[in-house]
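Heads up: the structure comes next, in structure tokens.
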Protein chains: 2
Amino acid sequence: MKEIRDIAEKNLNIDPQILCKCGGAHEVCLNCNKCRVGMQNQLAFKESNLNELIDHTLLKANASTSDIKHICDEANLYKFKSVCINPCFINYVKFNIDSSLVCAVIGFPLGANSSETKFFEVRKAIEAGAQEIDMVINVGLLKENFHQYVFEEITHISNICISNNITLKVIIETCLLTDEEIIIACLLAKKAGADFVKTSTGFSTKGAQIEQVKLMREVVGPKMGVKASGGIKTHQDAIDMIEAGANRLGTSNSINIVKG
Amino acid sequence: MKEIRDIAEKNLNIDPQILCKCGGAHEVCLNCNKCRVGMQNQLAFKESNLNELIDHTLLKANASTSDIKHICDEANLYKFKSVCINPCFINYVKFNIDSSLVCAVIGFPLGANSSETKFFEVRKAIEAGAQEIDMVINVGLLKENFHQYVFEEITHISNICISNNITLKVIIETCLLTDEEIIIACLLAKKAGADFVKTSTGFSTKGAQIEQVKLMREVVGPKMGVKASGGIKTHQDAIDMIEAGANRLGTSNSINIVKG
């Protein structure tokens, strides 16, 4: 994958002599904030238990506590991996779920808050009980090649998550990015120590696309997570995303998906 | 307007014996956080200078600093009332505009952040140079009749704005509300001391609708602002909104509108 390696060497401050040992198509070691060499592969398979891959999601502006209670009950019944909600509901979800995790979105869905507001929101989300954090990058600044800004923002949030043992997913909003920008965003998120790259907010022009999920998996390699989200409605959609490389799915059609 | 008065008496903690002196269709004094009795009427007319009513707006996730620079240049040329942007650009706009104000959105566009994150974001926005604040209410909790929650959130932000001499607009996302919910949201925003009620984020199912703008003006009376936003593309759209009662327009089609 010469092209991905070239993009990494050109855009990240890395030593081209030190080779990658965790399997990313960048080939050169990114000197990540959290080294993944000793970690297990995170790949999912179509035979995987789908419920364990699903972030059961409700992010609409008009969601009420009774809507949230409903998806918590569903998560308890189907044992979904997490319940993914806006921050105002973290505490409420925490007291209404059994084994599923509490996943909160940060800087959502535009990612154009100030960095300090995102940092504040992450800290408060964790205090309130969030166990997984799905943050949105500053898409406009990434596209304008302010890579250091985007990297430092992710790194700061990643450090908060690492020190609290929280899973961090980085939403890159693929539908607004070129392939090269997707590659760069994945590299920055990986180097910053995030646990997942995630395709979409579900509030932009498109959700997860198979080719983009494949590209994201190729870039980050097998030891980092890839979450596909947005527009995943059917069992077949879910299988397609897993076969493209996703090991986590964000969807509100979770029950349709697990029932096949 | 017996119905609006009934809704006010039923949903707000007010004394039905004390009559309104500022002209709202609620008829009964709301005992507002900021009394408007001594203020001038805020109505606009189709003969008004349109540029002075326009918040020149760019809120897309992929907006770059060069896009923002471009709308600042336009605002300088056409002397728009404000430039309305996401918080990460406040400082940048401040250094690129002449007489227009810096307007920042808060809790945008879902309004489903924790209240404390919204408060933090407002304070940081003002520190960074914002002169107008457009905040989104928690729509889901309003619809579930958690009026006290919504009122206290607006009031807290209103107090920050009042003490800093900042204009506060409250986005109620009319397309997600019933007429009764629009009335309640307007009453809560007025009682909390906000300067404007605003129709829409532009990121939900619909933008400003004429009948809803009329209703909002009717509820709040002539001494509070009404901002119509979302889907205002032409000179005629702007005139229609002004005739419906709007005295501020949020749009990215500002130049088309002023050129007629």
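The values are calculated or read from the model by the stated rules, or taken from the named source; none is laboratory data. The structure displayed is predicted, hence computed values, not measured ones. Here Cβ is always computed from backbone atoms with ideal geometry, including for glycine, and neighbour counts include all displayed protein chains.
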* Only one of (1) surrounded by fewer than 18 Cβ atoms within 10 Å (Cβ to Cβ); (2) in contact with a Phe, Trp or Tyr (Cβ under 6 Å, 6 or more places away or on another chain) fails for B:N51. Which number is that? -> (1)
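Just to be sure I understand, how many residues within the stretch A:62-84 are touching a residue at least 12 places away in the same chain (Cβ under 8 Å), among the hydrophobic types (A, V, I, L, M, F, W, C) and not in a loop (DSSP other than H, G, I, E, B)?
6
Return the only residue of A:I232, A:I210, A:I255, A:I239 being touching a helix residue (DSSP H, G or I) at 6+ places or on another chain (Cβ under 7 Å) and in contact (Cβ under 8 Å) with a residue 40 or more places away in the chain.
Details: A:I232 fails: in contact (Cβ under 8 Å) with a residue 40 or more places away in the chain; A:I210 fails: in contact (Cβ under 8 Å) with a residue 40 or more places away in the chain; A:I239 fails: touching a helix residue (DSSP H, G or I) at 6+ places or on another chain (Cβ under 7 Å).
That would be A:I255, the only listed residue that is touching a helix residue (DSSP H, G or I) at 6+ places or on another chain (Cβ under 7 Å) and in contact (Cβ under 8 Å) with a residue 40 or more places away in the chain.
Each row is one residue, and each column tells you yes or no for (1) assigned to a loop (DSSP other than H, G, I, E, B); (2) under 17 Å from B:T57 (Cα atoms); (3) charged (D, E, K, R); (4) modelled with pLDDT under 95.
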position: B:E180; (1), (2), (3), (4): no, no, yes, no
position: B:C186; (1), (2), (3), (4): no, no, no, no
position: B:S200; (1), (2), (3), (4): yes, yes, no, no
position: B:T205; (1), (2), (3), (4): yes, no, no, no
position: B:E218; (1), (2), (3), (4): no, no, yes, no
position: B:Q236; (1), (2), (3), (4): no, no, no, no
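Just checking, which of A:A125, A:A130, A:A104 is part of a loop (DSSP other than H, G, I, E, B) and within 12 Å of another protein chain (Cβ to nearest Cβ)?
Values: A:A125 fails: part of a loop (DSSP other than H, G, I, E, B); A:A104 fails: part of a loop (DSSP other than H, G, I, E, B).
After applying the criteria, what remains is A:A130.
Could you count how many residues in the stretch A:133-154 are at the interface with chain B (Cβ under 10 Å from one of its Cβ atoms) and not in a helix (DSSP H, G or I)?
Pass one, the stretch A:133-154, residues at the interface with chain B (Cβ under 10 Å from one of its Cβ atoms): A:136-146, A:149, A:153.
Now narrow it down to the ones that are not in a helix (DSSP H, G or I): A:136-138, A:144-146.
Within the stretch A:133-154, residues that are at the interface with chain B (Cβ under 10 Å from one of its Cβ atoms) and not in a helix (DSSP H, G or I) number 6.
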* **Test set (1) on the phi > 0 side of the Ramachandran plot; (2) away from chain A (no Cβ under 11 Å) - B:S99 fails condition number** => (1)
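Listed here are the residues, each with its yes/no results for (1) assigned to a helix (DSSP H, G or I); (2) within 8 Å of chain A (Cβ to nearest Cβ).
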{"site": "B:I90", "(1), (2)": "yes, yes"}
{"site": "B:L110", "(1), (2)": "no, yes"}
{"site": "B:F120", "(1), (2)": "yes, yes"}
{"site": "B:H156", "(1), (2)": "yes, no"}
* Structure fact -> Sole miss for B:L59 among (1) surrounded by 15 or more Cβ atoms within 10 Å (Cβ to Cβ); (2) away from every other protein chain (no Cβ under 14 Å); (3) touching a residue at least 60 places away in the same chain (Cβ under 8 Å) is condition (2)
* **Top-ranked residue in the stretch A:220-234 [being not in a loop (DSSP other than H, G, I, E, B) and not small (G, A, S); ranked as nearest to B:G202 (Cα to Cα)]** => A:K227
* To do: Quick one: which residue in A:I54, A:I4, A:I68, A:I14 is within 14 Å of chain B (Cβ to nearest Cβ) and in contact with a helix residue (DSSP H, G or I) (Cβ under 7 Å, 6 or more places away or on another chain)?
  => A:I68
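Considering only the stretch B:167-185, state which residues are more than 14 Å from every other protein chain (Cβ to nearest Cβ) and either touching a strand residue (DSSP E or B) at 6+ places or on another chain (Cβ under 6 Å) or free of Cβ contacts under 8 Å to residues at least 40 places away in the same chain (or both).
Those that are more than 14 Å from every other protein chain (Cβ to nearest Cβ) and either touching a strand residue (DSSP E or B) at 6+ places or on another chain (Cβ under 6 Å) or free of Cβ contacts under 8 Å to residues at least 40 places away in the same chain (or both): B:T167, B:L168, B:K169, B:V170, B:D179.
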* To do: Give the stretch A:129-153 a look and list any residue that's out of contact with any strand residue (DSSP E or B) (no Cβ under 6 Å at 6 or more places or on another chain), buried (at least 24 other Cβ atoms within 10 Å of the Cβ) and charged (D, E, K, R), or say none.
  => A:E153
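So which of B:I232, B:I171 is buried (at least 22 other Cβ atoms within 10 Å of the Cβ), among the hydrophobic types (A, V, I, L, M, F, W, C) and under 12 Å from the mean Cα position of the chain (by Cα)? Outline the logic, then answer.
Details: B:I232 fails: under 12 Å from the mean Cα position of the chain (by Cα).
Result of the check over B:I232, B:I171: B:I171.
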